[in-house]
Structure formats: structure tokens, C-alpha cells
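The block underneath contains the structure these notes are about, expressed in C-alpha cells.
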Ligand SMILES: CC(=O)SCCNC(=O)CCNC(=O)[C@H](O)C(C)(C)COP(=O)(O)OP(=O)(O)OC[C@H]1O[C@@H](n2cnc3c(N)ncnc32)[C@H](O)[C@@H]1OP(=O)(O)O
Ligand SMILES: CC(=O)C(=O)O
Ligand SMILES: [Mg+2]
């Protein structure tokens, strides 16, 4: 373990000082773009103002023979669109650390776009050692290329070993921005008998006991991901970083996508991935608190100006604990309102 002081020391001479607090950013959806496809890349300028984050994906879903083109496309994208001016984050998902590609990718990204990339997403993180490695590598490259703002790290939780070590991963470096659930690789890692990218499964259910009269038994689908998800959210919250739901692969099922995203939002997640343009609006709506809930939360704060004591609002008891929940809700809404005029009007800020 590093000492408390050592934790915030730059890891290379000339590297920027690590962030002490995460930059305050709205990250309701991380929109995935395949950067080797010129046709899709050309549309990013149009899509960017409608999202919070654009992510150039270099890993899974990019064919092996297109990895170089995807990297070149990412650098081009970072120059073609002024993401910072739009208030949109630019993230890159690199290939995993045991692949032949990640080293050249990180070196090229920091050299050619190090001052424009906000977050590097690292797939298949197994334990804190993966974060220590990439943390040191980034510091050395940032020092070499005079990058003045540390690039943040986001881990994907998508192996059984990663889930086992999620608490140490969350706290491995001041660069850690957040963690996303990776349900597709995690399913494979656990030998789950599914063929899906996230969401539920009709076979995973509870069923009531048999009735004496033989009438049909009620059976309800359960959430396959609840345990992992809750473990990830607690690890992130404890370490002051952000949890995210990952991808929802059934592009043709917006209703289930919305439900999955909503469960994540209610559990404390900051956002989710959008794989297709149709999922952007779903994520935006779900991860922006409901205006009615925000209005009620404002009433709680107004009823208890110093956050202590007890109050009754519409038959519901309020005290310090509900005041804190209300503050989470109102702070989130205020942050979104500062970025998004549509929601500023809905929230009355
Ligand atoms: C488990 C994981 O690792 S998940 C992360 C890895 N996977 C990804 O990143 C997938 C990203 N998404 C995609 O590649 C695509 O959306 C696909 C392959 C899923 C579907 O693509 P398509 O079959 O082309 O979808 P569809 O025909 O509905 O597309 C409609 C339009 O949106 C465009 N589009 C589709 N996806 C995207 C996207 N992610 N970003 C921007 N534009 C997109 C298409 O190019 C098409 O444009 P056009 O009308 O000008 O031709
Ligand atoms: C998100 C991801 O990479 C996965 O589900 O495997
Ligand atoms: Mg994966």
C-alpha cells in the first residue's frame, strides 16, 4: 500500500499532479463510436452536442484487422470535433492489457491527443495491479509529451476475478473516474448460460409454491446482475468514484433498455452506455432526475434549512437522512441544469 501522501504524488518526473477531486462532469450516457468507420465518424460532429460523452472504441466489436484504422480514426476524431468547447467528454476504450495492441494505443493516444482525451477506459480489469500498471505508464507518457492534465481511468468490471477485487480496483489510483459493469464478458467469464449483452433472462425467476387446487403459480423474472451491480456501486461510492451500467445489446427493445437503465439510476449510477443513437435519448431521460421528484426534494431542503430536526411533508416524515437524499437529487439536477437548458427549464433553475 502507498502512504497517504504518496498516493497523490506524480508517478513520473514532469507528470501532472494527480486530481484530488474528480472534475464535476455530467456523464449520463457514454456514446460508443466505431472510429474505423469513416461514415460513422463523419456523423460524430452532429451527434456530439446531444450526448455527454463520446467514446472511441478500439476493443471488442472492432475487427482485428481494423485496430490500426480505429486508432488513427480516434486521433482524427479528437482533432475534427472540439469536444471541450461543446462540454462533451472524449473517452477511448483501449484493448485489454494482455492484447498485442494496448501499448501502442496508449503511447499514440497520449502523444497525439493527450491534451484532448478525458478518460481512458480499460477493459477486463482483474485487480489493482492492472490499474497500477496503466497509471505508471500514463504518468511516464504524460511527462514525456508535456500533458498538463492527468488522463482519468475507467475500469470495466467483466471478469469473475475483477468482481472479486472490485474494492481494490476502485481505490487503486487517484486517476480512477469510475467503473462500468460489463455483462457480456462477465457472463462468459462465469460460464453463465446466456447469449446476451446485459438485461435480464426469462429463465431466471422465482416461483410461488404449488396451490392445493392446482391453479397456475405466479412466477416472476429476477435480476441476474443485482449482486454484482450492488457490489460495484458500493465499491465506487466508498471510493468517491462513479458507477455506470454498461451496454444494453437489445437495440430493438427500448422498453427493457429503459428499465435496465432505470434500475441502475435508482441504485446510484451516474449513467450508462449508448451503443446506438436510439439509446441516447433513453439514457438522457433516465439519468436526469424526474422533475417531480426534484420538486419534492427541493421542498424537503426548504422545510429543513439547516438539514436537522424533523418535518412532515404530504404525510411523509423527513429528517437528516431524507434531507441528504434530497440534496443528492437536487445537486444532480443542478449540475444537469447547468449543462442542459431543457432540463434547467424543467427543474426551474
Ligand atoms: C459488449 C461490448 O463491448 S458493447 C461495446 C462494443 N459495441 C459497440 O461499440 C457497438 C456500437 N454500435 C454499432 O456498431 C452499431 O450501432 C450496430 C452495429 C450495433 C448497429 O448498427 P446498424 O445496423 O448500422 O444500425 P442502424 O442501421 O439502425 O443505424 C442507423 C444509423 O445510425 C448509425 N449508427 C449506428 N450506430 C451508431 C453509433 N454507435 N454511433 C453513431 N452512429 C451510429 C448508422 O451508421 C446508421 O446511419 P445511416 O442511417 O446514415 O446509414
Ligand atoms: C461492456 C463489455 O465490454 C461487456 O459487457 O463485455
Ligand atoms: Mg467486454
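What the table shows:
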item	result
Subset of the range 237-253 that is more than 16 Å from ligand 2 (Cβ to nearest atom) and touching a residue at least 60 places away in the same chain (Cβ under 8 Å) - its residue that is surrounded by the most Cβ atoms within 10 Å (Cβ to Cβ)	241
Any hit, the range 96-105, residues being at pLDDT 95 or above, closer than 20 Å to residue 19 by Cα and assigned by the TED database to the domain that holds residue 60	no
Qualifying position, being within 25 Å of residue 90 (Cα to Cα), surrounded by fewer than 23 Cβ atoms within 10 Å (Cβ to Cβ) and out of contact with any helix residue (DSSP H, G or I) (no Cβ under 9 Å at 6 or more places or on another chain), among 184, 188	184
Failed condition for residue 54, given (1) touching a residue at least 40 places away in the same chain (Cβ under 8 Å); (2) in contact with a strand residue (DSSP E or B) (Cβ under 7 Å, 6 or more places away or on another chain)	(1)
Residue match in the range 309-317 (condition: under 24 Å from residue 52 (Cα atoms) and surrounded by fewer than 17 Cβ atoms within 10 Å (Cβ to Cβ))	no
Index of the failed condition, residue 108 passing every other in (1) away from ligand 3 (no atom under 16 Å from the Cβ); (2) within 22 Å of the chain's Cα centre (by Cα)	(2)
Criterion (assigned by the TED database to the domain that holds residue 32 and more than 21 Å from the chain's Cα centre (by Cα)) met by exactly one of 252, 314, 320	252
Strands (runs of 3 or more DSSP E) wholly inside the range 115-231 that include at least 1 residues being in contact (Cβ under 8 Å) with a residue 12 or more places away in the chain, more than 14 Å from ligand 2 (Cβ to nearest atom) and under 30 Å from residue 255 (Cα atoms)	119-122, 176-181, 205-207, 219-221
Residue 91 vs. criteria crowded, with 23+ Cβ neighbours inside 10 Å and either free of Cβ contacts under 8 Å to residues at least 60 places away in the same chain or within 16 Å of ligand 1 (Cβ to nearest atom) (or both)	yes
Among the residues listed as 264, 321, 333, the single one being in contact (Cβ under 8 Å) with a residue 24 or more places away in the chain and out of contact with any strand residue (DSSP E or B) (no Cβ under 7 Å at 6 or more places or on another chain)	333
Per-region count, the range 281-303, residues touching a strand residue (DSSP E or B) at 6+ places or on another chain (Cβ under 6 Å), crowded, with 19+ Cβ neighbours inside 10 Å and either part of a loop (DSSP other than H, G, I, E, B) or not assigned by the TED database to the domain that holds residue 256 (or both)	2
Matching residues, the range 264-280, being part of a helix (DSSP H, G or I) and either within 16 Å of ligand 1 (Cβ to nearest atom) or under 14 Å from the mean Cα position of the chain (by Cα) (or both)	264, 265, 267, 278, 279, 280
Failed item in (1) within 14 Å of ligand 1 (Cβ to nearest atom); (2) more than 17 Å from the chain's Cα centre (by Cα); (3) surrounded by 18 or more Cβ atoms within 10 Å (Cβ to Cβ), with residue 224 passing the rest	(1)
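The values are calculated or read from the model by the stated rules, or taken from the named source; none is laboratory data. These numbers come from a predicted model, not from an experiment. Virtual Cβ from ideal backbone geometry, glycine too; neighbours counted across all protein chains shown.
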